[in-house]
Amino acid sequence: MNYRSTRDPNAQLYTDAQAIIQGLAPDGGLFVPAAFPQPQFDLTRLTTSSYQQLAQTVLQWFFPHLPTAATVPAAYGAQWDHPRIAPLTPVHAGSYYLELFHGPTLAFKDVALQVLPHLLQAAKHQTKDTKETIILTATSGDTGTAALRGFRNVEGTRVIVFYPQHGISPIQEAQMRSQQGDNLHVVAVKGNFDQAQTTVKEIFNDPTLAAVLASHQQHFSSANSMNIGRLIPQITYYFSAYGQLLRQGVIQAGDQVNFAVPTGNFGDILAGYYAAKLGLPVGRLICASNKNNVLTDFFTTGTYDKRREFFVTNSPSMDILVSSNLERLLFDVSGGDAELVQQLMHELQDQGHYSLPTELLTKLKQLFAAEYATPDEIQTEINRVFKEANYLIDPHTAVGSIAAHRYRTLSGDPRPCVVVATASPYKFPETVLQSLDNTVPSQSTGLDAIEQLAQLDPRPLTAGVEELFTNQPQPVLTTTPAAMPRMVLDILKKTDK
């Protein structure tokens, strides 16, 4: 299996190991399969396959030269609090919820970031790469903690995570700051996620910084879904969800299923698109956005325009205006037109917007629908689902739930819909509590809010939630977007052995 950049008209090829190690292509593009896998599989076997078996199959389709047989048991073992890894609920308030928050950091990022360190180590071993890998990541809340947890004390790696100082929940920040490991570094940025992510991309493509790292036998890589090794493992849970619907007798093999996906950086929903390309019977992928609804406008009009007000909302992991993984979708839907993708990405960077050719928008609308939710609507949905089903959802899952409900109402589409539940409600207890009872004091935050929420939850607390009470937050560094490159060098200099 070879990979290429979305922006390279010459389609230079890289092995799967090289793509995982580099993270981002040298030209600033993202790695995609040079030839997409076309496997043959029996849908009925999904009913009897464990999550680990499905993950092994998916990883082998995309990374056939890496020893994934050892990777899967280590990634999906005792650190998960549910044997199915990503269990699907029965229908609740009209939708099925795919719970992706049973890993160690209570969010869907664990599904991939428990795998990526093993893939990276295998890739480095295969290529005889002895350089130290500097995992450089911007996070809107959950990727940071999952990356820190996944890579803590992994030999030959150091992790630097940048997060928006006032743009994540108290629990997200406490989780990030409490991760223990000699190779872990957390930095708060006085800005928003888009500013942090843009600067991280610039750091990756800075030849001066690359030369400095090379002189010290180091190189950058990414734990964001920009890294193909982060993206591919997420495909598995779409197959797992389909298998669970088959097992529940909701569908027959071959029936189509809709998925409503809370979407920020577009990696989660892109994994669903890739699952459909592999042959999974997907009806509609419903792109669910919050008040920063740049993607809703894009799928409606074909114009992507980031020149708009940035909102800090009660679904902070989706407070994003530049969705990086959309580039991979544009590459695919355009038939691999790297020149067009390069042009569109340059227009976005230089002018702040671009527009798709009409025929490409028509293609997108055949599979994608798009909805968005305001902060007030999010609270109302959390309340609705709890009252109707006695089931707690977090604000990001609520965005997906709203999108599913609205799409079903407006379209009349009778196909079952799976809402991708991206985080535990205990990562955002303040918003959930306020949604359930507007009389809850606003000062109820952090652990106090978790304790109050637990009193309403019919299910016992998981080990991951209980761990929040023993976390010991460490001091955190602070910087501005402009000073991030200097901060990276300072961290590496101070921690060089």
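The values are calculated or read from the model by the stated rules, or taken from the named source; none is laboratory data. All values reported here derive from a predicted model rather than from experimental measurement. Note: ideal-geometry Cβ built from the backbone for every residue, glycine included; neighbour counts use all protein chains shown. Heavy atoms of the whole protein, side chains included, go into the accessibility calculation; ligands, DNA and RNA do not. Shrake-Rupley method; radii C 1.70, N 1.55, O 1.52, S 1.80 Å.
Regarding the range 383-393, can at least one residue be identified that is modelled with pLDDT of 95 or more and under 20 Å from the mean Cα position of the chain (by Cα)? Yes, the conditions are met somewhere in the range 383-393.
Among the residues making up the range 390-425, those that are aliphatic (A, V, I, L, M) and open to solvent by less than 30 Å² (accessible area, probe 1.4 Å) are Leu392, Ile393, Ala398, Val399, Ile402, Ala403, Ala404, Val418, Val419, Val420, Ala421, Ala423.
Residue check: is Phe428 under 23 Å from Asn153 (Cα atoms), touching a residue at least 12 places away in the same chain (Cβ under 8 Å) and of a type outside the set (A, V, I, L, M)? Taking the combined requirement at face value, the residue does not satisfy it. Can you name the residue in the range 485-497 that is part of a helix (DSSP H, G or I) and touching a residue at least 12 places away in the same chain (Cβ under 8 Å) and is also surrounded by the most Cβ atoms within 10 Å (Cβ to Cβ) among such residues? Out of the qualifying residues, it is Val488. Within the range 109-127, residues that are under 21 Å from Thr422 (Cβ atoms) and assigned to a loop (DSSP other than H, G, I, E, B) have Cβ atoms under 6 Å from residues that are open to solvent by 10 Å² or more (accessible area, probe 1.4 Å) and of a type outside the set (A, V, I, L, M) in these pairs: Gln114/Gly150, counting only partners at least 6 apart in sequence or on another chain.
Within the range 273-304, being among the polar types (S, T, N, Q) and either within 20 Å of the chain's Cα centre (by Cα) or modelled with pLDDT under 95 (or both) holds for Ser289, Asn290, Asn292, Asn293, Thr296.
Check whether at least one residue in the range 364-371 is under 27 Å from Val32 (Cβ atoms), in contact (Cβ under 8 Å) with a residue 24 or more places away in the chain and assigned to a loop (DSSP other than H, G, I, E, B), and report yes or no. There is at least one residue in the range 364-371 that is under 27 Å from Val32 (Cβ atoms), in contact (Cβ under 8 Å) with a residue 24 or more places away in the chain and assigned to a loop (DSSP other than H, G, I, E, B).
A count restricted to the range 105-120 and to residues that are open to solvent by 10 Å² or more (accessible area, probe 1.4 Å) and within 21 Å of Thr462 (Cβ to Cβ) stands at 3. Scanning the range 467-482 for residues that are under 24 Å from the mean Cα position of the chain (by Cα) and part of a helix (DSSP H, G or I) gives Glu467, Pro481. For the range 12-36, the set of residues classified as modelled with pLDDT of 95 or more, in contact with a Leu (Cβ under 9 Å, 6 or more places away or on another chain) and assigned to a loop (DSSP other than H, G, I, E, B) consists of Leu30, Ala34, Phe36, listed by residue number. Checked against (1) open to solvent by less than 20 Å² (accessible area, probe 1.4 Å); (2) farther than 16 Å from Asp268 by Cβ; (3) of a type in the set (A, V, I, L, M); (4) not in a loop (DSSP other than H, G, I, E, B), Leu66 meets all criteria but (4).
Just one residue in the set Pro9, Pro39 is at pLDDT 95 or above, touching an Asp or Glu at 6+ places or on another chain (Cβ under 6 Å) and not in a helix (DSSP H, G or I); that residue is Pro9. When the residues of the range 426-440 are filtered to those that are open to solvent by 10 Å² or more (accessible area, probe 1.4 Å) and of a type in the set (D, E, K, R), the one that is nearest to the chain's Cα centre (by Cα) is Glu430. Within the range 319-334, the set of residues being touching a helix residue (DSSP H, G or I) at 6+ places or on another chain (Cβ under 6 Å), farther than 19 Å from Asp350 by Cβ, of a type outside the set (Ser, Thr, Tyr) and open to solvent by 10 Å² or more (accessible area, probe 1.4 Å) comprises Phe331, Val333. Consider Asp319 carefully, then state whether it is of a type in the set (Asp, Glu), in contact with a Ser or Thr (Cβ under 8 Å, 6 or more places away or on another chain) and at pLDDT below 95. The answer is yes for Asp319.
Within the range 27-42, how many residues turn out to be open to solvent by less than 10 Å² (accessible area, probe 1.4 Å) and in contact with a strand residue (DSSP E or B) (Cβ under 6 Å, 6 or more places away or on another chain)? Matching residues across the range 27-42 total 2.
Regarding Ile269, is this residue closer than 30 Å to Leu46 by Cα and either open to solvent by 10 Å² or more (accessible area, probe 1.4 Å) or assigned to a helix (DSSP H, G or I) (or both)? Against the criterion (closer than 30 Å to Leu46 by Cα and either open to solvent by 10 Å² or more (accessible area, probe 1.4 Å) or assigned to a helix (DSSP H, G or I) (or both)), Ile269 qualifies.
Among the helices (runs of 4 or more DSSP H) contained in the range 155-240, which hold 2 or more residues that are of a type in the set (S, T, N, Q) and open to solvent by 10 Å² or more (accessible area, probe 1.4 Å)?
In the range 155-240, 193-204, 207-215 are the helices (runs of 4 or more DSSP H) which contain 2 or more residues that are of a type in the set (S, T, N, Q) and open to solvent by 10 Å² or more (accessible area, probe 1.4 Å).
Please verify whether Val58 is within 16 Å of Phe239 (Cα to Cα), of a type in the set (A, V, I, L, M) and open to solvent by less than 70 Å² (accessible area, probe 1.4 Å), treating the condition exactly as stated. So Val58 passes the test. Within the range 470-484, being open to solvent by 40 Å² or more (accessible area, probe 1.4 Å) and either touching a helix residue (DSSP H, G or I) at 6+ places or on another chain (Cβ under 6 Å) or of a type in the set (Val, Ile, Thr) (or both) holds for Thr470, Pro473, Gln474, Val476, Thr478, Thr480. Filtering Asp305, Asp376, Asp350, Asp337 for residues that are acidic (Asp, Glu) and either closer than 25 Å to Ala276 by Cα or buried (at least 23 other Cβ atoms within 10 Å of the Cβ) (or both) leaves a single hit, Asp337. Annotation: of all residues in the range 401-438 being in a loop (DSSP other than H, G, I, E, B) and small (Gly, Ala, Ser), the one that is farthest from Ala454 (Cα to Cα) is Gly412.
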